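The values are calculated or read from the model by the stated rules, or taken from the named source; none is laboratory data. This is a predicted model, so every value here is computed, not measured. Positions of Cβ are backbone-derived with ideal geometry, glycine not excepted, and every protein chain shown enters the neighbour counts.
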Ligand SMILES: Cc1ncc(COP(=O)(O)O)c(C=O)c1O
């Protein structure tokens, strides 16, 4: 396994050239107004709280979640790796394609992973409840992202709740790293169901929505008994002093949250409408702040990607995901003017597709 390759995130390898528009990373295109902070603003001479109290304060004030239901994390990824280990999982069901780290976390914990393939011909939608129930028979846990990355498709929370009631001895682990971008949030989040359904566990992230990948902020949200079990296995002090201070500053970002949600919602609709008029590109997903796209524009995807890169536009080549080998790529929703640059380039690319582009792409 080439871990370097698999761990390469969307933006890796791109110089910090101000002109480059990086649509390959699916984080918010705008940042929260947390001010111009310096290291002196943080108590770096002392240990932070042992349990990431600033993050607990955030989830209590922002989402009304009791401290005992929240396990602060150094990014959602810490929870993804902690859960299979702490719950001693031996057999996990996951979707394919989905976030690669579930697979690696399961493998490191010694768990066997079974994949439920999502199909491009129905837009990568989750199968029906009976098919899911059958797939779950041999599994102890279902690891699923809502919305799923990279397909951008939603998991109906009602279906998960029905399955969680039907199989109380199985774990339902929902990765809601992108859920704040969805129009139905918070109604579609299972973070409010964990008291009623003890076998439902939510992994939440503050990385994507608040554009803070460098800080590492997230939490597991679960029934207090489950949190206690996880705590037994978790390393102390994984949330640093800067991260826990910034978590509380995010509580003053209501206007930012509204602006971001409005922007993503209207751009999602605009992009969907505009791309439907471009021959050679088919969109899937779009429930979060990114789209999965399939290129069929007359030249190879390699030619398209290098043509875009020449124009300082980067998208995520998704052909290394199982099931996405046929010319799939992912692009994030950015600011309107930035989205226009990508859409114009894609439109031009398809218009040029009648030419012998395989030898001379789009020039
Ligand atoms: C589905 C999904 N979950 C979790 C994460 C990781 O989140 P964090 O940066 O908070 O660890 C990612 C990052 O790409 C992701 O795509």
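Does residue 188 qualify as being part of a loop (DSSP other than H, G, I, E, B), within 16 Å of the ligand (Cβ to nearest atom) and free of Cβ contacts under 8 Å to residues at least 60 places away in the same chain? So residue 188 fits the description; yes. Do you know which of the residues in segment 125-154 that are surrounded by 23 or more Cβ atoms within 10 Å (Cβ to Cβ) and away from the ligand (no atom under 11 Å from the Cβ) is nearest to residue 322 (Cα to Cα)? That would be 153. Checked against the criterion of being out of contact with any strand residue (DSSP E or B) (no Cβ under 6 Å at 6 or more places or on another chain) and within 23 Å of residue 178 (Cα to Cα), segment 33-41 contains one or more residues that satisfy it. Scanning segment 327-363 for residues that are assigned to a loop (DSSP other than H, G, I, E, B) and either at pLDDT 95 or above or buried (at least 17 other Cβ atoms within 10 Å of the Cβ) (or both) gives 327, 333, 334, 335, 357, 361, 362. Out of 201, 173, 271, one residue alone is buried (at least 19 other Cβ atoms within 10 Å of the Cβ) and in a helix (DSSP H, G or I). It is 271.
Please verify whether segment 67-85 includes one or more residues that are more than 16 Å from the ligand (Cβ to nearest atom), in a helix (DSSP H, G or I) and in contact with a strand residue (DSSP E or B) (Cβ under 7 Å, 6 or more places away or on another chain). Within segment 67-85, one or more residues are more than 16 Å from the ligand (Cβ to nearest atom), in a helix (DSSP H, G or I) and in contact with a strand residue (DSSP E or B) (Cβ under 7 Å, 6 or more places away or on another chain).
Scanning segment 206-227 for residues that are within 7 Å of the ligand (Cβ to nearest atom) and either modelled with pLDDT under 95 or not in a loop (DSSP other than H, G, I, E, B) (or both) returns a single hit, 218.
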